[in-house]
Number of protein chains: 2
Amino acid sequence: MLEKQLIESNNGVYNCWLNYAKCLNPKLVDQYKKICSCLVVNNNNTVKHTAVEELKLALKMIIGIEPLVSNEIPNSSYLFVGTLEDARAFQLETKITEKYADGSYEVKAADNEQNTALQIIGKDGTGVLYGIFYLIRNLRIGKEISQSQIVDIPRNKLRMINHWDNASGDIERGYAGQSFFYSNDEIIKNFSRIKDYARLLGSIGINGVVINNVNVHNIETKFITKEYLPDIARFADVFRNYGIKLYLSINYASPIELGGLKTADPLDEAVKQWWKKTADLIYDYIPDFGGFLVKADSEGRPGPFTYERNHAQGANVLAEALKPHGGIVIWRCFVYNCHLDWRDRSLDRAKAAYDNFKPLDGEFMDNVILQVKNGPMDFQIREAVSPLFGAMEKTNMILEFQAAQEYTGQQKHVCYLLPMWKEVLNFDTHAKGEGSYVSKVVDGSLFNSRYSGIVAVSNLGDSKCWTGHPLAQANLYGIGRIAWNPELSSEEIAKEWVKLTYGCDEGIVQTVVSILMESREVYEKYTSPLGIGWMVNPNYHYGPSVEGYEYSRWGTYHYADWKGIGVDRTVSTGTGYTAQYHEAVASMYENIETCPEALLLFFHHVPYKYQLKTGKTLIQHIYDTHFEGVEKVEEFIEKWMSLKGKINEEAFGLVCDRLRIQLKDSKEWRDQVNTYFYRRTGIKDIKGRKIYE
Amino acid sequence: MLEKQLIESNNGVYNCWLNYAKCLNPKLVDQYKKICSCLVVNNNNTVKHTAVEELKLALKMIIGIEPLVSNEIPNSSYLFVGTLEDARAFQLETKITEKYADGSYEVKAADNEQNTALQIIGKDGTGVLYGIFYLIRNLRIGKEISQSQIVDIPRNKLRMINHWDNASGDIERGYAGQSFFYSNDEIIKNFSRIKDYARLLGSIGINGVVINNVNVHNIETKFITKEYLPDIARFADVFRNYGIKLYLSINYASPIELGGLKTADPLDEAVKQWWKKTADLIYDYIPDFGGFLVKADSEGRPGPFTYERNHAQGANVLAEALKPHGGIVIWRCFVYNCHLDWRDRSLDRAKAAYDNFKPLDGEFMDNVILQVKNGPMDFQIREAVSPLFGAMEKTNMILEFQAAQEYTGQQKHVCYLLPMWKEVLNFDTHAKGEGSYVSKVVDGSLFNSRYSGIVAVSNLGDSKCWTGHPLAQANLYGIGRIAWNPELSSEEIAKEWVKLTYGCDEGIVQTVVSILMESREVYEKYTSPLGIGWMVNPNYHYGPSVEGYEYSRWGTYHYADWKGIGVDRTVSTGTGYTAQYHEAVASMYENIETCPEALLLFFHHVPYKYQLKTGKTLIQHIYDTHFEGVEKVEEFIEKWMSLKGKINEEAFGLVCDRLRIQLKDSKEWRDQVNTYFYRRTGIKDIKGRKIYE
């Protein structure tokens, strides 16, 4: 089934980076064939079984062999595949110990004269799976493997995908079609796509998936009942084979809506008992259930505030219920007043998450994890890093990115998000002095957290290429890789993805990587300048509308007037937001001279004639970047067209279609934004380019 | 049934102006009782039968009598009720002749010593009905009737309501609940509300109703098939009793979608035959079917343009099919390019209807009527009158008003529209020199048209008071009255409505009428200034968003920049729209000095410091009106509160609720609009009131 699909499906479309068309380095095929001719394996573990099947498939397709499977180490070439336990049974040495993180693995050349023996030793079954996918990547790209000596340990314990899929089949902020979990208020019957999805996730180290939207509606509320759990458990079964735990978003009002209680007060004894009973029930069906994701007291969702309880009290009642089963509660920090008054410029939505959660540091149970969006606003093309990362020493935290391109081109525009995500991970919170990077907060090392990790909101749907825009696959690939190892550069990840997806041809790799690497900045250029964000059509979040959110209740303002633009978030004259950072960072942002210009309008209200470090005025910078952005899209198209005939036709065409949309729509952005500022200021472009009156 | 409902329902809520609680002038009750003690009637006509039943009900409830019914004229007091034919049979003299318009009636005192005999003679059954409702109005208000000597002739042949109800039960631009025709893609089963609706319409002279939305979706497309016609015919039966013809909006692509043809080309022989067959079928079910309403080639609807045919060709194929049955085609002129480029300031949506239809004058069959919105844009709180009214000498035209308050407060704000409608009717097109009023175009007298009239888009839904806002009932009442007689003043109509609905107490009448009469101007004050329109949230059309439509594809711009605001529609420097009017009008608008200031920004781009005739600058006018608007709403509330205990509690409360919303939202409008212009200009309010920065 799988194999047939892989062959039939177009490379780089449905099969994404698991494109096993052929080995890309013919010189090494003989070496590979030797090493892999005999698999030594003791097939006694579910995930290991999956791993071996994946390996067999890859070997067949990439180098055309069907290996002998043995349970003894031969004298000649071989590939050992096993867990730490297996390694001990076979009396193999390994650096892996029980102390290593789950999923760790070692790949090493064995002591064999022709260098044609290799051992893949996982700490556990999942480690074996990851080791196998490591090997497959190398086989496909055509890397020398006979000298391997690596130990690979996942840096982050939780590496997750959040789906915002609704039972209706719609996906909130979905830009790649409908849900592949649900359709018309029912759970889908055919699981073949789910299995292919689990493979994709497993191959990049993802180990958790939340399969329903954080906004939990009527039907999804019932997912934790006997009516739905049998079906939900079937999803868990599929994911389990690939080392992935299933989580559910829950409705905080469930005790009322499902349990018939009069309250969902977390301190109410009946409510506590109800959650306990419910957790027990869930684990009857799914013994390795991951836990709950909760959006509470946010954007109209129910939560503990209703009962005058705080978030810690709110989360702990769930955590207590899950704890005996090893489950966790992931509690989102996207909590803010969404009925702000635009008239009051002292109000600042950016301050909300910190204000709400900082006072509760230390009050959460140890199986509660706070899920914090990368920025304090909402996944803008550029915004500051959330100050919460440096603020919660005694609380588990997981970092939330959004692969779904809600504000970043909605998978019509190419926008490779790894450079942005790396910026966030490399941001120095100074929480424990210099070097207190966000990456160290979220991998748990800085504050010695019990749970931590990285999560991305899914950019997937039922589109043939999964992500609508084929190049958006790189963001999914990247989230897995960066969650595994935040030290990988965005360019390394891009290269790896392009090679696996479209092949190793230098021209292809260079071209696609160069588009990807520039794409975020290009999108930023023709949209909202210097960290101010928004300026999009309300609700849809696509297309320019400079004043679209200006007088809204959402706290999303740019305050452009006849003199200048920007949000003054300083302590001295503004909202005081900068004080949420540790001193070194706070003073950098506070002072307009030291504030990074990319975030200038995020932190300061700046006159149009303010001179930037480039020597340009702010207004001229706005004009220039908007013209440049469109020119860059034209360059992208030219570059992409040069690949015609070189990569899979369908993928090529899909990208072409989207680039054309991107060009058309980037022009609209350019013209509206430029005209807006021209109408505001009456200041002409010094280069005399066309700005409509 | 009816009677029970009338008693149970709250006065001025469900029963609207047919509030028969008691006679409001006790002094005249004896006179009424005498005159009405004996009804002379020959009950041989459906509508006349309805009329008599209505009369009996009213007599019972208003003056508490059950009259004797006789088919002979007695020597003593009597009330004769009959058609022209009846009058002749009884050898009564009457001024009514066959030449009078359908629905005409005479009410006159008979030659009787005590002045206690009255004759109501209708040209036809409908005329009798209208005469009866005339009498009921007078009985309720308590007017002297014994000396009556009136002949009342409807000025407009067609007096219609258009429903934008969808089979789903939703109403496009509906602000009074769900449809009372359909629910969940089915036609409703219980017709009692339909009957009450027919009474309301019949009582104000409405004689046509289109029961489905001009945007015709899947299910409504099938209303002209055997599957739905039996149910549609049941609606027609109910309306027929009150002299109202039923019309349907049709889908121009029906020959394809229903007929299985490959084309809907109006010149295709198979298409012609299909429409003929379809018309025949409809008349089998509804022998007095009114005809079709068509929105074609407009906002994405199908139409003749698809086949490179013009609107005349498009309409005539339908007209031919309906003609043998006496049916008509009402063809909407709301045709414009809704993909305009905001960059091109020479484009002007206001010009579209004229440009599209003027060249076709004389090409339409004589049973085609063009339906023209009052203004060239789209039902704004103030805009110019459509130049088409003066431009189509050889074409039937009907004037479309919108009672649904899409852009005029959505039935949350009180906005009595009669003053605006009167302005339109009194507008002098100069088509045949001075005095060529729109009212004379639409009553058919100016161009000697065969069909003509006035239509309003319904403001009704399943809300208990029909219109959501109880005071919005006045607009429905008004449309009937003004379509009957465009000479009635908006104040007369308001007074009549208040008396019938809430009683004749001088305080009540004065208070409510004063609110109604000011309400349109008040709404205008705090929304968009001087005819510029829009400035609302896209799609919803409610709430301020000054730039909401500024860069859209809808052709709805105000072009505000740092110097000024407005659309230059002059011939000399602008879009040339003014040339669509006849000379006297064109030159008035062309010149900023003679252009009525209420429409200043509709016709001219004006600097913020331009001095208005009041001596104020434009910017100060904007500030002043926005402050005044809110103050006026506060006044409305004070006035309304003075009625507490004087009028029906439920109606009082419903209005209170809405006035509170109006106050809150008018403040939002005031503040956003003022801040917008302050941020634009940096010019302060000379009175130093609070404008947020």
Practice task
Quick one: compute a quarter of the convex hull surface over the Cα atoms of segment A:1-152 and quote it in nm².
Solution key: 8.5
Handout entry: Theoretical ellipticity at 222 nm over chain A - DSSP helices of four or more residues, -39500 (n - 2.57) apiece, nearest 500
Key = -11000 deg cm²/dmol
Problem - DSSP-loop trypsin sites (Lys or Arg not before Pro) across segment B:564-644, with at most 11 other Cβ within 10 angstrom - result: B:Lys613, B:Lys644
Problem - Positive-pole candidate from B:Ile65, B:Ser37, B:Ala101, dipole of segment B:1-152, charges at beta carbon - result: B:Ile65
Practice task
Two decimals is fine: what's Rg over Rh for the protein assembly as shown, C-alpha atoms, Kirkwood radius as Rh?
Solution key: 1.04
Handout entry: Which of A:Leu618, A:Ser76, B:Ser254, positive extreme of dipole for the protein assembly as shown (C-beta unit charges)
Key = A:Leu618
Practice task
Based on other C-beta atoms within 10 Å, arrange A:His311, B:His217 from fewest to most.
Solution key: B:His217, A:His311
Problem - ³J(HN,Hα), Karplus 6.51/-1.76/1.60, whole Hz, each residue of segment A:639-652, x for Gly, Pro - result: 4, 5, 4, 5, 8, 3, x, 8, 10, 3, 4, 5, 4, 4
Practice task
Tell me the distances, shortest first, between A:Gly507 and the same position across the other copies, using label points 7 Å along Cα→Cβ, in nm to one decimal.
Solution key: 9.1
Fill in the blank from the handout: From the Cα centre of segment A:14-32 to that of segment B:72-143, the distance in Å is 98
Handout entry: Cβ charges +1 (Lys, Arg) and -1 (Asp, Glu), total dipole of the protein assembly as shown, debye
Key = 460
Handout entry: Three-way shape label, segment A:216-306, alpha-carbon gyration tensor, a/c 1.5
Key = prolate
Fill in the blank from the handout: A student applying the Cα gyration tensor rule (rounded when a/c is under 1.5; otherwise prolate if a/b is larger than b/c, oblate if not) would label segment B:487-595 oblate
Handout entry: Cα gyration tensor shape of segment A:395-552, rounded if a/c is under 1.5, else prolate or oblate by comparing a/b with b/c
Key = oblate
Handout entry: Low-density loop positions, GluC sites (Glu not before Pro), segment B:300-371 - DSSP coil, at most 10 other Cβ in 10 Å
Key = B:Glu308
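Tell me, what is the percent relative contact order of chain B, built from C-alpha pairs under 8 Å that lie six or more residues apart?
After rounding, I find 12 percent.
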Problem - Sparsely packed trypsin sites (Lys or Arg not before Pro) within segment B:163-272, loop by DSSP, other Cβ within 10 Å at most 15 - result: B:Lys189, B:Lys226, B:Lys262
Practice task
Calculate, in nm to one decimal, what B:Ser76 and B:Glu423 gain on full extension: separation in residues at 0.36 nm each, minus their alpha carbon distance.
Solution key: 120.1 nm
Exercise for the section: Could you rank the peptides B:590-602, A:665-677 by their average count of other C-beta atoms within 10 Å per residue, with the highest value first? Expected result: A:665-677, B:590-602
Fill in the blank from the handout: Mean per-residue count of partner chain Cβ within 10 Å for A:550-558 equals 2
Fill in the blank from the handout: Shortest first and in nm, the label-point separations between B:Lys277 and its counterparts in the other identical copies (7 Å out along Cα→Cβ) come to 6.4
Problem - Whole-number percent relative contact order across segment A:1-152, with pairs defined as alpha carbons under 8 Å at least 6 apart - result: 27
Fill in the blank from the handout: Computed curve, segment A:568-682, Cα-only Debye sum without solvent term, log₁₀ I(q)/I(0) at 0.19 Å⁻¹, is -0.96
Completion exercise
Computed ³J(HN,Hα) along segment B:538-555: with the Karplus parameters 6.51/-1.76/1.60, θ = phi - 60°, integer Hz and x for glycine or proline, the list is x, 6, 6, 6, 10, x, x, 7, 4, 9, x, 10, 6, 10, 7, 8, 8, x
Handout entry: Percent of alpha-carbon pairs separated by more than 19 Å within segment A:81-227
Key = 62
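Taking other Cβ within 10 Å of each residue's Cβ, how do B:Ser458, B:Ser489, B:Ser298 sort, fewest first?
B:Ser489, B:Ser298, B:Ser458
Give the dimensionless ratio obtained when the Cα radius of gyration of chain B is divided by 2.2 N^0.38 Å.
Ratio of Cα Rg to 2.2 N^0.38 Å: 0.98.
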Problem - Charge dipole (debye, nearest 20) of segment B:158-488; +1 at Cβ of Lys and Arg, -1 at Cβ of Asp and Glu - result: 620
Problem - Backbone HN-Hα couplings from phi across segment B:513-530 [Karplus 6.51/-1.76/1.60, Hz, Gly and Pro as x] - result: 4, 5, 5, 4, 5, 8, 5, 5, 5, 5, 4, 4, 4, 8, 10, 8, x, 6
Completion exercise
Note to self: C-alpha centroids of segment B:607-638 and segment B:515-591 sit apart, in Å, by 16
Fill in the blank from the handout: Residues meeting the amide H criterion for A:Ser452 (H placed from the backbone, H to H distance under 5 Å, 5 or more places apart or on another chain) are A:Lys157, A:Leu158
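Against the 2.2 N^0.38 Å scaling, with N counting residues, where does segment A:135-175 land? I'd like the Cα-based Rg ratio to two decimal places.
Working it through for segment A:135-175, the quotient is 2.06.
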Exercise for the section: In nm to one decimal, list the spacings between the B:Glu634 label point and its equivalents in the other copies, with label points set 7 Å along Cα to Cβ, shortest first. Expected result: 5.7
Practice task
Binning at 20 Å from 0, report for segment B:158-488 what percent of all alpha-carbon pair distances ends up in each bin.
Solution key: 33, 61, 6
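Since every read-out is calculated from the coordinates, none of them should be taken as a lab result. As the structure is a computational prediction, the values presented were derived from the model and not from experiment. Cβ: placed from backbone, ideal geometry, glycine included. Neighbour counts: every protein chain shown.
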